[in-house]
1. Could you work out the helix-only [θ] at 222 nm for the chain, with each DSSP H run of four or more residues adding -39,500 (n - 2.57) and the total divided by the number of residues, to the nearest 500 deg cm²/dmol?
2. Give me, ordered by chain and number, the residues 5 or more places off LEU67 or on other chains with an amide H under 5 Å from its own placed amide H.
3. With a Förster radius of 30 Å, plug the Cβ-Cβ distance of GLU264 and ARG171 into 1/(1 + (r/R0)^6) and report the FRET value to the nearest 0.05.
4. What is the distance in Å between the Cα centres of segment 18-57 and segment 120-167?
5. Determine which aspartates and glutamates satisfy two conditions relative to LYS265: a Cα distance under 17 Å, and not lying fewer than 8 residues away in the same chain.
6. What Kirkwood radius, in Å to one decimal, follows from the Cα pairs of the chain?
7. Tell me whether segment 136-225 comes out rounded, prolate or oblate; compute the Cα gyration tensor, take square roots of the eigenvalues as a ≥ b ≥ c, and use a/c under 1.5 as the rounded threshold.
8. When ranked by the protection proxy of mean other Cβ atoms within 10 Å per residue, highest first, what sequence do the peptides 218-226, 121-129, 27-35, 93-101 form?
Amino acid sequence: MSEPYESLAVEVKGYVAQVTLLGPGKGNAMGPAFWEEMPVVFGELDADPEVRAIVLTGSGRNFSYGLDLMAMGAMLPSAGGDPSARPRANFHKKLKGMQESISAVADCRTPTIASVHGWCIGGGVDLISAVDIRYASADAKFSVREVKLSIVADVGSLARLPYILNDGHLRELALTGKDIDAARAEKIGLVNDVYPDADATLAAAHATAAEIAANSPLAVHGVKDVLDEQRTADVAASLRYVAAWNSAFLPSKDLGEGIKAMFEKRAPEFTGE
């Protein structure tokens, strides 16, 4: 591996790799290094014949707070200002690159298992929607929170969660931006199982990874390939569409209000402008 990385730690033992989110943003928030390093790390792991399964987890008390707005806020287009198409075109290019960073996980031939504890917000849900199997600790909380910032989730949740959740449950999460606990996540199928704490959850993820790693790598790759083929075209089309939609409509007064309200820890007052 081409270590060290700023946003990720990678450890390989007995055919199983563990990728741990490090931040450096608070709550393992996803800053510039994350988006640059994810496709590199997962590309290298996928190409390594000694890696047959990958466990993905977060350091510290949380899985991930999602997009690091402090570090990435400058990339978001603002309402008004430059009337040319260039800012939107630049944003579209950047957004496509961020989508590819999450797709590197989904497209990995090596099976992936998420071990989630604490908060898993926004981009964190985008990330776990790209893995094969999801486990959670009892303290885990999940939120597709983008709508509360006047953002349409655009790097994977709305493209991949339809293959994981019932349509009504997905729409409830995405349209309200509400938080749900681990028990609710298990009930609606967002996670496979819930364990007492982070250590037990990680141990369960590694046990499943070891079980997968004991099988024929050729057959495992084949199973993933056949299952993924059923949704590859639809996911790709959804990602293209939301990238174009957000590039056109994301710059708004509501976006500025949503972000300002978040930092001021108050309820936003949206006007639809």
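1. -14500 deg cm²/dmol
2. Under 5 Å from the amide H of LEU67: MET30, GLY123, GLY124.
3. E between GLU264 and ARG171, to the nearest 0.05, is 0.55.
4. Segment 18-57 and segment 120-167 have Cα centres spaced 17 Å from each other.
5. Excluding near neighbours in sequence, the set is ASP68, GLU146, ASP179, ASP254, GLU257.
6. The answer is 19.0 Å.
7. The shape class here is oblate.
8. Top to bottom by mean Cβ count within 10 Å: 121-129, 27-35, 93-101, 218-226.
We did not get these values from a lab; they are worked out from the coordinates using the rules stated. Keep in mind that what you see is a predicted model, and the values were worked out from it rather than measured. When we count neighbours, we look across all protein chains shown, and the Cβ atoms used for this are built from the backbone with ideal geometry, even at glycine.
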